[in-house]
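The values are calculated or read from the model by the stated rules, or taken from the named source; none is laboratory data. These numbers come from a predicted model, not from an experiment. Cβ placement follows ideal geometry from the backbone for every residue including glycine, while neighbour counts extend to all protein chains displayed.
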Amino acid sequence: MAALSWDELDAYGEREETITTPSGGRFRVRSRAFWDMEEWASGMNIHVKVYPASGLRRFLGFKAWRTRGGPDDLVPERPRH
């Protein structure tokens, strides 16, 4: 998700899907991308949580997040019409 373009992230929203690994494991994946509109750190937040089919982690899951934007990844300006 972090490699998606700014336009693709803007349209991403929130998704939930079930994936199967090559070894046969099944996981439920919840992901979302949303704008951080704080005046000191405007950018895009990306959250992903993965839940395995069994074990304690099926309730707690594994989490990952990333922020897009900042001095090394500038938010593009909107086109003017």
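GLY24 satisfies every condition listed in (1) in a loop (DSSP other than H, G, I, E, B); (2) in contact (Cβ under 8 Å) with a residue 24 or more places away in the chain; (3) not aromatic (Phe, Trp, Tyr) except (2).
Quick check on region 67-78. Is at least one of its residues in a strand (DSSP E or B) and either surrounded by 10 or more Cβ atoms within 10 Å (Cβ to Cβ) or modelled with pLDDT of 85 or more (or both)? Yes, region 67-78 contains at least one residue that is in a strand (DSSP E or B) and either surrounded by 10 or more Cβ atoms within 10 Å (Cβ to Cβ) or modelled with pLDDT of 85 or more (or both). Summed over region 27-57, residues that are in a strand (DSSP E or B) and either in contact (Cβ under 8 Å) with a residue 60 or more places away in the chain or over 13 Å from GLY69 (Cβ atoms) (or both) total 12.
Just checking, does region 11-34 include any residue being surrounded by 15 or more Cβ atoms within 10 Å (Cβ to Cβ), polar (S, T, N, Q) and modelled with pLDDT of 85 or more? Taking every residue of region 11-34 in turn, at least one turns out to be surrounded by 15 or more Cβ atoms within 10 Å (Cβ to Cβ), polar (S, T, N, Q) and modelled with pLDDT of 85 or more.
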